[in-house]
Structures are given as structure tokens and as C-alpha cells.
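Have a look at the structure below before the remarks.
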Amino acid sequence: MAEKAAAKEAYLVLARKYRPADFKDLIGQEPMVQTLRNAFESNRIAQGFMLSGVRGVGKTTTARILARALNYETDEINNPTIDMQQQGSHCAAIMAGTHVDVMEMDAASHTGIDDIREIIEAARYKPVSARYKVYIIDEVHMLSKSAFNGLLKTLEEPPAHVKFIFATTELRKVPVTVLSRCQRFDLRRIDIRALETHFAGIAKKEKVKIEDDAISLIARAAEGSVRDGLSLLDQAFARAEKSAITAENIRQMLGLADQAEILNLLHLILSGKAPEALSAFQQFYKNGGDPQQIIGELAEATHLITRTKALGGASGTMNNDEDLPEAAREQVNEMSEALSMAVLNRGWQALLKGYDEVGKAPNQLTAAEMIIMRLLYMTDLPSPADVISALQKATAGERPETQDQKKTPDNNQPTSHTDAHSSQHGSATARTVNGQNNRGNHQPDQQTEPQVSLVPETELKTNSLPTLNSFEDVLDLIGEQRDVKLKLQLEEYAELVRFAPGSIELHLLEGADDGLAGDLTNKLGRWTGTRWIVAISHQRGEETIGDRRRREEQKELEQIKAHPAIKGAIEQFPGAEITAIKPIKPENDDKS
């Protein structure tokens, strides 16, 4: 009984039990190993190393192996080397993380300058027994700014007996000043084929029967991480009985669906078969499928089909997806031929957005069903090419209006976007001025003496007076002078009461600047070289230029909406609306 209890306590999870102890045991990192081999053989060993990569690719393990290589020592070899054929005197303690001269620190819990100061102080002393004193700092990007600054000098000129090894998943957060002092290695995600081979070997050593398809599912779910894959494999082994672990067991464990069934569901959705699609999705859910995971798998299937179509079908598309079963591969090829690129792209966008929506929803099942129904609805939308074709057919039989018809006042139906705008504004560009038109409480019948603001007496120069025959001409002059604020004030907060060359009478609305009359008086006098009188009256005047422009634009918008071609476009795209009208300026802008 005691022996059995000890055996249970001694159990190690697969990620620790099969942790690499040598560079030859690392999988998928051949470029890094070759670079280190060249550096060690030529005695060009850096003082600092930066290891970056996603979770579970072996950063900490690589750091320990590198520390072992730096301090490798046997009866026959007493120098740094990549080839460690046998256990050295320091190897076991270094790999176990207990060696006195190899210090490991988690920067996530030791972020401050005080922690780095301890390292700097200790670095001055020589190692106790090993060749090098090695500092392994994991998640180094978590260090504070002051900690990084404190480390710089020692990192740039460390004692000869000190080496630094950093590991991080967020390389962009590491200061460039630190990166430039290290030899950098980017650890790659492990290829699916390499993971499958590795996991199959472990299953054989553990004497667990598992189907090849089941191993493939685990390898894909690991997403390039050895540690994540081994954790899933550990979980699968725990489910093992006398029979082999099947792919169906792994699908149930991961909440995955069969690829052929996922492709069939996608086909039902993109074909617009609502009852069948929703029924198939409900069956996935009843079988233990995770709603968000199903949406993610639908997105992945859409990507495969789209890439197949883009690369020309089965002739060259699936070369990068050798792990895809033959039946699923054939189904992907068939769907790539049947579905248009427009449908596939719309499906991808909806699924990509829907994946996040399902994850945030309080009820993931209903959210996923809404995403599927959104896709079913989108399949009925025509492509832009179909819309253009339909509009061309709709307008081809219309009889164009004659010039006389266009001049008839009762004919308010524009023949085109440009004609509609030209009828109101000519070649001018429609603009929108943001601002409130707060008229306040005024008394139009009240008559009082106007307040007059005059420029200082100057010599009257009638020869230099520009042609300002209307208030609009005044606004055009202000626009030419690029006085945006003055122009906006006059357009939005000034009603014209009377106008004559050299004299303007205005009624100001609430919101107008107090000095508007004086400002206009002085600037018109300066710009025209003559004296202008600007009077402020309590008598109400015409509607503001801004109100008039917005009224005309609204009238023009209603005319545009009534045009058959525009009505047809809106019918083709339910929910679409016209937000702005921008006329095309004629090449020959001849006002005559």
C-alpha cells in the first residue's frame, strides 16, 4: 500500500515528465540551435540572450538548456558546448532549477528597481561552483521602467563570469535599449506535423492507445504550443480505458465538431436553408459543442474555402493543409466552386465579428443562433455587380427629359444625381455647417433705433470698391479672405434685414458674438478700401443663410430619393440611406 501511495505522489504531468533536457530534444527550433552551435564553436558567446515567443513553445526550458550548455562540465569536457552527450556535474541541478549559480526570477512578481539592484550587487561576486553565474529572468517585459534602466549598465558591460537570459511573450514591451544589448531568438510555433509525431511518441512510451485522428485534433488545438498540447494529451489519457482513445472522444473533450459536419453546416447556412441549418446547429449543441467554438470553426472553414477558390481549386490549395482528411478536402473543393467570392467574404466578416459577440453575450447559444440567422439573411443580398446590372436595366427604358422639360417649373423630378444638384446649386459643392440655430424669444414688432458701428473716417475710394451687390457677395468675399469664424457667425446667427452697397442691417440671433458688427465693419473697410455701415436691428429679417441652405439640401435630398434609380438601389439594400450628396463638377466649368 505504501508503495502504491508513493507511486501516485510521484506522478508528473506530461509537460514536466517529457520536458527537453538537451538541444537535440527541442522540436521546431532548428534555426536557433544552429545559430547557437556556430556561436559556441567560434567562442562568440553573447553576454545576454533574449528568447521570445508565444506561451508553451519552450522559452524557459530553452533558457535552462542554454544555462546548462554554458556551464557544461564532465571529466572529459570542461568548456561551453551545445553537444551534451552525457550528464555533467551541474546539469541535473540546473534543469531542476536548484543550482546555486543559476538564478531564476519571475519578473511578473519582481518588477521593481530593488529586485534588479539585488541582481546587480550579486553579479559582482564570482560563481560558487559553476563556470558562469547565469540570471534567467522570465516575463522580462513586466519589469518597471526604473528596473530596466538600472539593468542597462550591467547588461552592457557585465563581469566576465555573468550571463543574462531573458524570456518574454511581449517582445514589443521590452525597451530597445535592452534588446540592442542581447542576442535575440524568436522561438517559433511548433508545426502540426511535428506535434503529431511528438505526441504519438509520448503515447507509445506511456502505453496508451490513441487514434491518429485523435492526435491530429489535439495537435491542432494546441496552436503550436507544446505545453498546451501535452496538457490536452494528459487530459485525454485520463479518459482512456481499455479501448483506444478515438477522435470522437477528443471532440467531446474539446467541444469540437466533425469537420465534415461543420462544412455541411456552413453549406446549409450559405445556401440559405434556415430550418436545416438551425436544426444542425442545435444538434451540435446537444452533442456538447461550445457555441463560440462552433462559430470559430465555421470561420476557419470559410477561410479554407475562400483560399481554395483564390488559389484555383484543388490543384494547389490544400498543399498547406495536409492534415485535412480526404473527404473534408473534397467537400472544401466542391464548395469553393459553388460559392461566389462575395458570399464567402461576407460570411467571413460576419463570423469574425460574431465570434467576439458570442463570447461577450450572456447567453452564448442564442447569440450564436443570431449570428447564423444573420448569415442566412445575408445570403439573399445581391452582389454589387448584380445591383449595378439591375439599375442599368431599370433606367435603360426611361425616356430622357428634354431641355424644355428641365426648364419647366413644375418638373421637379431630376433625371440624375448631378441634374438634381445642379437644379439647386449649379456647380457649388453641398456643405453642412454644424451649429445650433437658437433664435431665442424676440419681438418682431418692436421698433427701436438701430445700433450703428462705423469705421474711422477715411478717404472714400470708390474706384477700389469690389462688386458687392448682395449679402451673398459679402459672404463670398469673406470666404476668399479665409475668415472662417466670421463667415460661420454670419451664416448661422445673422438674419439680413436690409442690404445696400456700403450699408448692411442685421438682426442677430442668440449665440452671435457681441462684437460681430464691429468686426464685420472693420474688415469690410480694410478689404474694400471704403467705409461700410453695419447696423444691428431688433426687427426680424430673412432666414439665415445656413437655414436656407439646409432647407434646399433637404428638398434636393427628397427629390433624389424619389428618382427611380435611387429607389431601386435602396430596395436592393434594405436599411440603406442617403447621407450626403456630392455632385460631380463638370470638366468645363462655363457658367454661361
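Look at the stretch 485-502 and say how many of its residues are touching a residue at least 12 places away in the same chain (Cβ under 8 Å), part of a helix (DSSP H, G or I) and not polar (S, T, N, Q). Total meeting the criteria: 7.
Among the numbered conditions (1) of a type outside the set (Ser, Thr, Tyr); (2) over 22 Å from Lys24 (Cα atoms); (3) touching a residue at least 60 places away in the same chain (Cβ under 8 Å), the only one that Arg55 does not meet is (2).
Give me the residue from the stretch 123-138 that is of a type outside the set (Ser, Thr, Tyr) and over 10 Å from Val162 (Cα atoms) and, out of that set, nearest to the chain's Cα centre (by Cα). Step by step, filter the stretch 123-138, then rank; the result is Asp138. Scanning the stretch 516-541 for residues that are touching a helix residue (DSSP H, G or I) at 6+ places or on another chain (Cβ under 8 Å), closer than 15 Å to Phe471 by Cβ and small (Gly, Ala, Ser) yields a count of 1. When the test is whether a residue is out of contact with any Pro (no Cβ under 7 Å at 6 or more places or on another chain), within 28 Å of Ser180 (Cβ to Cβ), surrounded by fewer than 16 Cβ atoms within 10 Å (Cβ to Cβ) and of a type in the set (Asp, Glu), Glu30 passes it.
Conditions (1) buried (at least 18 other Cβ atoms within 10 Å of the Cβ); (2) among the aliphatic types (A, V, I, L, M); (3) closer than 29 Å to Gly201 by Cβ, marked per residue:
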{"residue": "Tyr11", "(1), (2), (3)": "no, no, yes"}
{"residue": "Arg16", "(1), (2), (3)": "no, no, yes"}
{"residue": "Pro20", "(1), (2), (3)": "no, no, yes"}
{"residue": "Arg37", "(1), (2), (3)": "no, no, yes"}
{"residue": "Arg44", "(1), (2), (3)": "no, no, no"}
{"residue": "Gly53", "(1), (2), (3)": "yes, no, yes"}
{"residue": "Lys59", "(1), (2), (3)": "yes, no, yes"}
{"residue": "Asp75", "(1), (2), (3)": "no, no, no"}
{"residue": "Gly97", "(1), (2), (3)": "no, no, yes"}
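Pairing each residue of the stretch 62-90 that is touching a residue at least 60 places away in the same chain (Cβ under 8 Å) with any residue that is surrounded by fewer than 17 Cβ atoms within 10 Å (Cβ to Cβ), provided the two are 6+ apart or on different chains, yields C-beta distances under 6 Å for Met84/Asp22. Considering (1) at pLDDT below 50; (2) outside any loop (DSSP other than H, G, I, E, B); (3) small (Gly, Ala, Ser), the lone condition that Ala517 does not fulfil carries the number (1). The criterion of being of a type in the set (Asp, Glu), surrounded by fewer than 21 Cβ atoms within 10 Å (Cβ to Cβ) and touching a Leu at 6+ places or on another chain (Cβ under 6 Å) holds for Asp234.
Restricting the first member to the stretch 136-149 and to residues that are free of Cβ contacts under 8 Å to residues at least 40 places away in the same chain, and the second to residues that are among the charged types (D, E, K, R) and not in a helix (DSSP H, G or I), the beta-carbon pairs closer than 7 Å and six or more apart or on different chains are Glu139/Asp106; His141/Glu170.
Quick check on my filter: what residues within the stretch 100-111 are farther than 15 Å from Phe164 by Cα and in contact with a helix residue (DSSP H, G or I) (Cβ under 6 Å, 6 or more places away or on another chain)? Ala108, Thr111 - these are the residues of the stretch 100-111 that are farther than 15 Å from Phe164 by Cα and in contact with a helix residue (DSSP H, G or I) (Cβ under 6 Å, 6 or more places away or on another chain). Restricting to the stretch 263-291, name every residue that is in a helix (DSSP H, G or I) and either of a type in the set (Lys, Arg) or not assigned by TED's automatic domain parsing to the domain that holds Ala328 (or both). If the condition is that a residue be in a helix (DSSP H, G or I) and either of a type in the set (Lys, Arg) or not assigned by TED's automatic domain parsing to the domain that holds Ala328 (or both), then Lys286 is the only one that fits.
The values are calculated or read from the model by the stated rules, or taken from the named source; none is laboratory data. Bear in mind the structure is a predicted one, so any value in this text is a computation, not a measurement. Positions of Cβ are generated from backbone atoms using ideal geometry, with glycine treated the same way; all protein chains shown enter the neighbour counts.
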